[in-house]
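**Student:** Pasting in a structure now, in structure tokens, and then I'll have a few things to ask.
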Amino acid sequence: MAEEKEQIGASWEDLSLPDDYPEPNVEDKAGLNEDTDKDTSATTKESTKGHAIKCSPKLLHMLKAAESRWTRPGRNRAQLKAGELLSESLRTDVQIQLSDQRQEFSKHPIKTSCRPLSQSISQSSTDSYSSVCSDSSEDEVSPRDKLQKTSTGLSDFCIKNIKQADFGRRAIEAAQQEMSALMVLRKRAGGEKPLAGAKVVGCTHITAQTAVLIETLSELGAQCRWAACNMFSTQNAVAAALAEGGTSVYAWRGESQDDFWWCIDHCVCADTWQPNMILDDGGSLTHRIYKKYPSLFKKVKGIVEESVTGVYRLYQLSKAGSLCVPVMNVNDSVTKQKFDNLYCCKESILDGLKRTTDIMFGGKQVVVCGYGEVGKGCSAALKALCAVVYVTEVDPICALQACMDGFRVVKLSEVVRQVDLVITCTGSKNVVRREHLDRMKNGCIVCNMGHSNNELDLESLQTAELRWEHVKPQVDQVIWPNGKRIVLLAEGHLLNLSCSAVPSFVLSITAATQALALIELYSAPEGRYKQDIYLLPKKMDEYVASLHLLTFEAHLTELANDQALYLGVSKHGPFKPNYYR
């Protein structure tokens with residue numbers, strides 16, 4: 001017993017367990033018998049007769065180690081005897097189990113090449129999730145080099161894999177359950193076809209939620225062609241479902257910069273199709289047409305823009321006198337500002353950070369650059385999980401709001417050395433510059449919740465002394481010469497749509513607003529809208545809100561006649577002036 005203790009150590013906890021347990025084949029079983037014959041004692045050999053397989057050396061050593069614990073000082077003979085009986089009982093049980101397994105394997109031969117356990121568990125579920133939400137690992141061939149067709153023979157599209165259409169259709173149907181307003185619009189206006197004759201070219205995020213919008217526009221009579229406004233937010237299976245449904249889609253997740261503009265060009269410059277309406281998110285589509293296809297504006301009746309970045313670009317065109325069509329500014333509508341920008345970001349910022357970094361927020365120091373509606377949502381969510389939140393702001397009104405909400409307003413340079421997480425959501429450019437990046441602590445996480453990744457000065461990181469290390473999808477580390485590293489998420493692109501998902505219900509509010517804006521511009525009589533930028537009429541804002549109240553079974557109070565007269569408003573609205581935001 002003492003010799004055994006010297007060989008195997010004093011405790012069985014010191015012995016390492018095998019990393020995996022491959023399924024046995026004939027050769028493995030033969031080798032198992034040979035090793036066991038060499039390493040086990042004579043007593044063990046006598047006890048394994050017939051069809052029983054002898055224990056593996058490592059398992060037997062573990063049993064002996066457990067037995068050796070009974071020989072320590074202070075143990076009496078009765079305890080030693082009990083330990084021997086326990087060890088013998090364990091050995092017998094293991095031999096019986098292995099014997100049964102050997103007989104079972106003999107009945108059902110196992111193929112020598114088998115899928116690893118990690119890949120075999122719930123494979124269909126994994127395939128379904130990855131195809132809807134992220135990258136397809138099917139191959140590395142660019143979609144531009146593949147010729148694909150739908151089941152009806154349509155080939156006017158370019159996506160990752162048309163075979164994923166079924167998965168995408170399920171995702172779209174699930175989103176429809178939460179997007180009640182668009183479904184109501186289909187029922188109420190579907191028969192009238194208010195967009196009959198409209199040729200809408202769109203450039204938005206291509207997700208299950210925007211797919212519901214695109215198919216709603218088609219139900220209302222429009223012909224649609226679509227590209228993605230973000231290189232990382234496209235859900236490949238949803239794009240496949242749209243193509244299978246007859247929409248010309250040019251988008252896939254992980255596009256290069258060249259792919260991005262190629263897709264927009266193919267949506268705009270079709271041989272037999274020219275748009276007369278534009279639905280944009282970020283202004284990239286409008287900018288491309290303005291620079292490369294200016295003659296198309298002769299047929300365009302209007303533009304609907306939903307992002308602050310795109311609206312800024314349009315106001316610049318307006319000031320320069322270059323705006324040649326009416327524009328509906330959806331970004332500054334009440335339903336977009338007070339719901340999408342606030343509540344959507346409030347819920348999705350945490351999801352995106354958790355999925356990419358597994359960070360624990362309690363006690364972390366975070367700086368949120370910008371305290372507009374997006375910044376308010378992000379700050380509130382992080383504060384609720386006990387993070388220490390700082391805010392940077394250029395607008396004194398927003399800065400005062402941050403102070404009264406309990407946040408400390410600082411300059412980025414004052415806290416950049418100590419914070420664990422930097423989030424930009426300003427709509428501006430170069431908010432986080434190289435000087436800030438150089439001073440950040442090791443392991444600091446940097447991300448963007450604004451529309452464009454130029455809020456981060458990423459060009460300054462493309463230098464010889466800095467090394468980029470790809471960790472996993474949407475996560476990169478930038479390593480300085482001294483070993484310091486920062487974690488960059490989604491290459492500075494919009495975090496929530498690139499790295500997670502967003503609530504369908506909130507996006508339903510924005511999507512319904514976009515649909516009504518398109519209908520208003522397209523069906524408006526000649527001369528109602530000039531070559532200028534307009535806000536959605538408050539009556540339409542209130543109509544969109546009322547459509548979503550049905551979900552909560554909310555009941556509005558009606559004004560009495562004298563109350564309406566006293567307030568100077570109609571009993572049926574609008575209840576706010578057009579300048580209200």
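The values are calculated or read from the model by the stated rules, or taken from the named source; none is laboratory data. Given the structure is predicted, the values throughout are model-derived calculations rather than measurements. A quick note on method: Cβ atoms are made from the backbone with ideal geometry, for glycine too, and the neighbour counts reach across all protein chains shown. Heads up: the accessible areas ignore ligands, DNA and RNA and are worked out on the full protein's heavy atoms, side chains in. Shrake-Rupley method; radii C 1.70, N 1.55, O 1.52, S 1.80 Å.
**Student:** All other residues with a Cβ under 13 Å from the Cβ of residue 459 taken together, and with Lys, Arg as +1 and Asp, Glu as -1, what is their net charge?
**Tutor:** 0
**Student:** A 26 angstrom limit on the alpha carbon distance is what I want to check against. Which of 291/346; 364/484; 146/301 exceed it?
**Tutor:** 291/346; 146/301
**Student:** Right, something else. Using a 1.4 Å probe on the protein chains only, how many percent of the accessible area of the stretch 443-499 belongs to carbon and sulfur?
**Tutor:** 50
**Student:** For the stretch 162-293, what is the percent of antiparallel DSSP beta bridges, rounded to the nearest 5?
**Tutor:** Percentage antiparallel, nearest 5: 5.
**Student:** Let me ask something else. Checking the a/c ratio against 1.5 first, then a/b against b/c, what shape does the Cα gyration tensor give for the stretch 268-382?
**Tutor:** Prolate shape, in that a/c is at least 1.5 and a/b is the bigger ratio.
**Student:** Under 1.5 on a/c is rounded, so check that first for the stretch 283-337, then, if it is not, pick prolate when a/b is larger than b/c and oblate when it is not; a ≥ b ≥ c are the square roots of the alpha carbon gyration tensor eigenvalues.
**Tutor:** Cα axes put the stretch 283-337 in the prolate bin.
**Student:** Another question about this same structure. With a/c under 1.5 counting as rounded, go ahead and sort the stretch 525-568 into rounded, prolate or oblate using the C-alpha gyration tensor (a ≥ b ≥ c being the square roots of the eigenvalues; past the cut-off, prolate if a/b is larger than b/c, else oblate).
**Tutor:** oblate
**Student:** Could you work out what % of the accessible surface of the stretch 351-432 is carbon and sulfur, using a 1.4 angstrom probe and leaving DNA, RNA and ligands out of the count?
**Tutor:** Looking at the stretch 351-432 in its full context, I get 56 percent from C and S.
**Student:** Hey, can you find the accessible area per residue of the stretch 355-394 for me, probe 1.4 Å, expressed in square angstrom?
**Tutor:** With the other protein chains kept in place, the stretch 355-394 gives 37 Å² per residue.
**Student:** Continuing with this model, one more query. Please compute the Kirkwood hydrodynamic radius over the stretch 328-466, one decimal place, Å, based on all pairs of different Cα atoms.
**Tutor:** 15.3
**Student:** Once the dipole of the stretch 354-439 is set up with Lys and Arg at +1 and Asp and Glu at -1 on Cβ about the Cα centre, which of 431, 359, 370 lies farthest towards its positive end?
**Tutor:** The residue sitting most towards the positive pole is 359.
**Student:** What does the charge count around residue 372 come to, taking other residues whose C-beta lies under 14 Å from its C-beta (Lys +1, Arg +1, Asp -1, Glu -1)?
**Tutor:** -2
**Student:** What accessible area per residue comes out for the stretch 399-440, rounded to a whole number of Å², with a 1.4 Å probe?
**Tutor:** Normalised by residue count, the accessible surface of the stretch 399-440 is 51 Å².
**Student:** Could you compute how fast the stretch 405-534 diffuses translationally, taking Rh as the Kirkwood radius over C-alpha pairs and applying Stokes-Einstein at 4 °C with viscosity 1.567 mPa s? Give it in µm² per second.
**Tutor:** After rounding, the answer is 74 µm²/s.
**Student:** Report the Cα centroid-to-centroid distance between the stretch 324-341 and the stretch 206-279 in angstrom, as an integer.
**Tutor:** Using only Cα atoms, the two centres lie 21 Å from each other.
**Student:** Roughly how many percent of the accessible protein surface of the stretch 229-306 is carbon and sulfur, given a 1.4 Å probe and a whole-percent answer?
**Tutor:** Its accessible area is 47 percent carbon and sulfur atoms.
**Student:** Lys and Arg at +1, Asp and Glu at -1: add these up for the other residues within a Cβ distance under 11 Å of residue 307 and post the number.
**Tutor:** -4
**Student:** On average, how much accessible surface per residue is there in the stretch 200-309, in Å², for a 1.4 Å probe, leaving out ligands, DNA and RNA?
**Tutor:** Accessible area per residue, the stretch 200-309: 28 Å².
**Student:** Related question: If the limit is 22 Å between Cα atoms, which of 354/383; 338/411; 199/299; 354/441; 187/299; 193/299 go over it?
**Tutor:** Going by Cα-Cα distance, 338/411; 187/299 fall outside the 22 Å limit.
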